[in-house]
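K.L.:
I'd like to ask some things about the structure below.
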Amino acid sequence: MKKIGFIGAGKLGFSLGRHISEKGNGEYSVAGYFSRNPESAVAAAKFAGGSAFESAAKLAAESDLILLTVPDGEIENARHSVGDAAACVPPLIAHCSGARAFPFGSLHPLVAVHDRETAYKNLDGAYFTIEGDPVFIDFASAMLTALGNPYCIIEADKKNLYHAASVMVSNLVCALTHEGTETLKACGLDEEFAARAWRSLFLKNAENIAELGPILALTGPVERGDAQTVARHLEALSGDTREIYLLLSRTLVNTARMKNPDRDYSELDNLLGTAPLRRGESDLCACVESDLCPAKQTGINLQDHTHLIQQTPKMQLCSANVRTSGKTIGLVPTMGALHAGHLSLIEKARAENHAGFVSIFVNPIQFDDPEDFEKYPDTLEADVKAATLAGADIVFAPSASEMYPEGFASYIDMDGITERLCGASRPGHFRGVLTVVNKLFGICLPHRAYFGEKDAQQLAIVRKMVRELNMDVEVVPCPTVREEDGLAMSSRNARLSADGREAASALYEALLKAKALFDSGETDPEKLCAAMRAALASPLITVEYAELVDNDTFLTPAAAYEGCLLMLAVHIGGVRLIDNMML
Ligand code: AMP
């Protein structure tokens, strides 16, 4: 006979204890309860079995497994109340949080526990997830099997995702049902009627979902692709309820697409602003042969159907298929080590197109300094995850030899503008940038390409290339994302020392000072630049340039005007930083 002790005598403790007592079949029983509130422990023991203990350690001495049925924030305290680690083997210890993972086991039932008196019945046959070391997993598996509860083992780092999923199916459904009930009341229906009307609808629907699964159980105007009715709903709704309806209808279209892959949902896509590829695994998988599906090959754990593609021909084929199916592609070219600045570009690309592609390629031919290239961070796995969370559908991360095979000799050159500022101190830099951007356009076939205003000269040069070489790509500028102190986010910031990081905030201050001077009437470029240099005066900072230029030509005008750019490049402890601001 194995004995289970409970620390915490709330709803879950009551219910799990009673479940174990009723279903334990003589193999598992309740040792008892310890609670900070002794009366609760007595009541729980009376309800579920075992005794009320006056200390957690005493309960532990009588138990094979201690379950911490306390609120998430109390788990660590409860764990310590049992005693020190050495004294705790046996018993095993586990908590019952859905979201948290600690360095010991957890056991979580996928049911709502509403009260102390009746909710234990919900545990009959309920599904559980368990997580922890092999000894706990063995114990919990045997116990749940004996109790008749199906279970699955979950990885600790997946618990938040798992818990979010369970909240969707449980709590979010409650919120939604409330919203529906309130809307029924707004129709002028009798209150009592409105409050009860949803029941048969909801219960029948739940039965259908249980029987058929959520995709096949789907019915209604969105499922039928009936954009007219949905448009009328949107007209009738207002405020938050309309927002909720709109947001969920977007999810609904994609679920409907899975039920009816051949149905045309384009009218609804237009109405709702949906982008069918967002969760359209089938659409995108069809772009690459399924057995070549890169997600399967990488070993990287990809969520939400983002695909990592590393071969150029495969990427080109995928892009061509997406394009010919009438979908738009937004491309964000990056060199990886993604930060919030990059993610803002990805979100924009994803929001404005059916498919968001992100390229991650540290382009060797744009580095004039081999050391800078060597030190450039390589964080592909984290980048793929971050890009995925920001909504990217495809991450294209080719190798250097894939991009520049032996004998590669075709480059894009541009006169004038590429020779100034960054081009002056980094010979060949913009030639490398233009060449790689051109190649990425040829491989990813974007309708739109997203570039940060932080790299203002790069943005201007890419725009010029697209214009002058008649490329069919819209270049979309994106605002600079900054740290709290104003420092522009950059993959290089991580290489700054603590002192250097502190000094780096002067860049933004310098730009603000010069801008304030211009706003107060000063138009002499010399004076504006002198103000920036003065703000950058620090033994830690070496200024490479501090200039005022025209946004198109990157030449310094005789007098500053609105739309000019203040441009800065500095070196701090061997790290080169750039920033700019438009007047
Ligand atoms: P990188 O990986 O540094 O080549 O940057 C890739 C793209 O992200 C470029 O278009 C950059 O201009 C843009 N970017 C980099 N940092 C930021 C930032 N702090 N805010 C907005 N965009 C950025």
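K.L.:
Can you give the FRET efficiency for Ala165 and Lys527, using 1/(1 + (r/R0)^6), R0 = 35 Å, r = Cβ-Cβ distance, to the nearest 0.05?
P.N.:
FRET efficiency, Ala165 to Lys527: 0.05.
K.L.:
How much accessible area does Phe193 have with a 1.4 Å probe, in Å² rounded to the nearest 10?
P.N.:
Result for Phe193: roughly 120 Å² accessible.
K.L.:
Could you put Asp552, Asp383, Asp226 in order of accessible surface area, largest first, with the 1.4 Å probe and the full protein assembly present?
P.N.:
Result of the area sort, largest leading: Asp552, Asp226, Asp383.
K.L.:
Another question, if that's okay. Within segment 107-137, find all residues whose amide N lies under 18 Å from a label point positioned 7 Å from the Cα of Ala99 along Cα-to-beta-carbon.
P.N.:
Taking a point 7 Å out along Cα→Cβ of Ala99, the residues of segment 107-137 whose backbone N falls under 18 Å are 107-113, 129.
K.L.:
Give the residue from Ala531, Leu566, Leu517 lying farthest towards the positive end of the charge dipole for segment 504-583; charges sit on Cβ (+1 for Lys and Arg, -1 for Asp and Glu) and the dipole is referred to the Cα centre.
P.N.:
Toward the positive end, the furthest listed residue is Ala531.
K.L.:
Calculate what fraction, in whole %, of the accessible area of the chain sits on carbon and sulfur atoms when a 1.4 Å probe is rolled over the protein chains.
P.N.:
In the chain, the share of accessible area belonging to carbon and sulfur is 53 percent.
K.L.:
Please report Rg (one decimal) and Dmax (integer) in Å for the Cα set of segment 491-582.
P.N.:
Using the Cα atoms of segment 491-582, the pair Rg, Dmax is 13.2, 39 Å.
K.L.:
Using a 1.4 angstrom probe and counting only protein chains, how large is the accessible area of Glu243 in Å², to 10?
P.N.:
It works out to around 100 Å².
K.L.:
Pairs of alpha-carbon atoms within less than 8 angstrom and 6+ residues apart define the contacts here; what relative contact order does segment 491-582 have, in percent?
P.N.:
Worked out over segment 491-582, it gives 30 percent.
K.L.:
Further question on the same structure: Show the residues, 5+ positions off or on another chain, whose built amide H is closer than 5 Å to the amide H of Ala52.
P.N.:
Tyr33
K.L.:
Using the crude model of +1 on Lys and Arg Cβ and -1 on Asp and Glu Cβ, and no other charge, please compute the dipole size for segment 170-272 relative to its Cα centre, in debye to 20.
P.N.:
Numbers: 11 positive and 16 negative charges, 37 e Å.
I would put it at about 180 debye.
K.L.:
Note down, for the chain, the three equivalent ellipsoid semi-axes (square root of 5 times each alpha carbon gyration tensor eigenvalue), biggest first, whole angstrom.
P.N.:
They are 55, 32, 25 Å, listed from largest to smallest.
K.L.:
Kindly report, to the nearest 10 Å², the accessible surface of Asp499 as traced by a 1.4 Å probe over protein heavy atoms only.
P.N.:
Rounded to the nearest 10, that gives 100 Å².
K.L.:
From the residues Asn37, Ala101, Pro333, which one has its Cα farthest along the dipole of the chain in the positive direction, the dipole being from +1 and -1 charges on Cβ of Lys/Arg and Asp/Glu about the Cα centre?
P.N.:
Highest projection toward the positive end goes to Asn37.
K.L.:
Further, regarding this structure: Phe128's amide H: which non-local residues (gap 5+, or another chain) put their own amide H closer than 5 Å, with H modeled 1.01 Å from N in plane and none for Pro or chain starts?
P.N.:
Correct list: Leu110, Tyr151, Cys152.
K.L.:
Let me ask something additional. Taking the Cα centre of the chain as the origin, how large is its charge dipole in debye, to the nearest 20, when only Lys and Arg (+1) and Asp and Glu (-1) carry charge on their Cβ atoms?
P.N.:
Values: 53 positive and 76 negative charges, 242 e Å.
So the dipole magnitude of the chain works out to roughly 1160 debye.
K.L.:
Where a Cα-Cα gap under 20 Å defines reach, which lysines qualify for Lys2, not counting those fewer than 8 residues away within the same chain?
P.N.:
In chain and number order, the partners are Lys23, Lys46, Lys58.
K.L.:
Can you flag which of Lys314/Lys385; Lys375/Lys464; Lys204/Lys385 are past 27 Å Cα-Cα?
P.N.:
Pairs exceeding 27 Å: Lys375/Lys464; Lys204/Lys385.
K.L.:
Report, to the nearest 10°, how far helix 171-186 tilts away from the longest principal axis of the Cα atoms in the chain, using its own Cα long axis and a range of 0 to 90°.
P.N.:
90
K.L.:
Percent relative contact order of the chain, based on C-alpha pairs within less than 8 angstrom and at least six residues apart?
P.N.:
7
K.L.:
With a 1.4 Å probe and all protein chains left in place, how much accessible area per residue does the chain have, in Å²? Working shown, then result.
P.N.:
Values: 28230 Å² over 583 residues.
On a per-residue basis, the chain sits at 48 Å².
K.L.:
Can you tell me the order of 69-75, 357-363 when each peptide is scored by its average per-residue count of other Cβ atoms within 10 angstrom, highest first?
P.N.:
Packing order, densest peptide first, comes out as 357-363, 69-75.
K.L.:
Moving on to the next point. Could you sort Arg232, Arg18 by accessible area so the largest value comes first, with the probe set to 1.4 Å?
P.N.:
Arg232, Arg18
K.L.:
Any aspartates and glutamates with Cα under 15 Å of the Lys439 Cα? List them, leaving off those in the same chain fewer than 8 positions away.
P.N.:
Lys439 reaches Glu402, Asp413, Asp472.
K.L.:
Mind checking which lysines have their Cα closer than 27 Å to the Cα of Lys527? Skip sequence neighbours fewer than 8 apart in that chain.
P.N.:
Result set, ordered by chain and number: Lys454, Lys513, Lys515.
K.L.:
Compute the relative contact order of segment 2-157 as a whole-number percentage, counting only Cα pairs closer than 8 Å that sit 6 or more residues apart in sequence.
P.N.:
Averaging sequence separation for qualifying contacts and normalising by length gives 23 percent for segment 2-157.
The values are calculated or read from the model by the stated rules, or taken from the named source; none is laboratory data. Given the structure is predicted, the values throughout are model-derived calculations rather than measurements. Here Cβ is always computed from backbone atoms with ideal geometry, including for glycine, and neighbour counts include all displayed protein chains. Side chains are part of the model used for accessible areas, which takes the heavy atoms of the whole protein and leaves out ligands, DNA and RNA. Shrake-Rupley method; radii C 1.70, N 1.55, O 1.52, S 1.80 Å.
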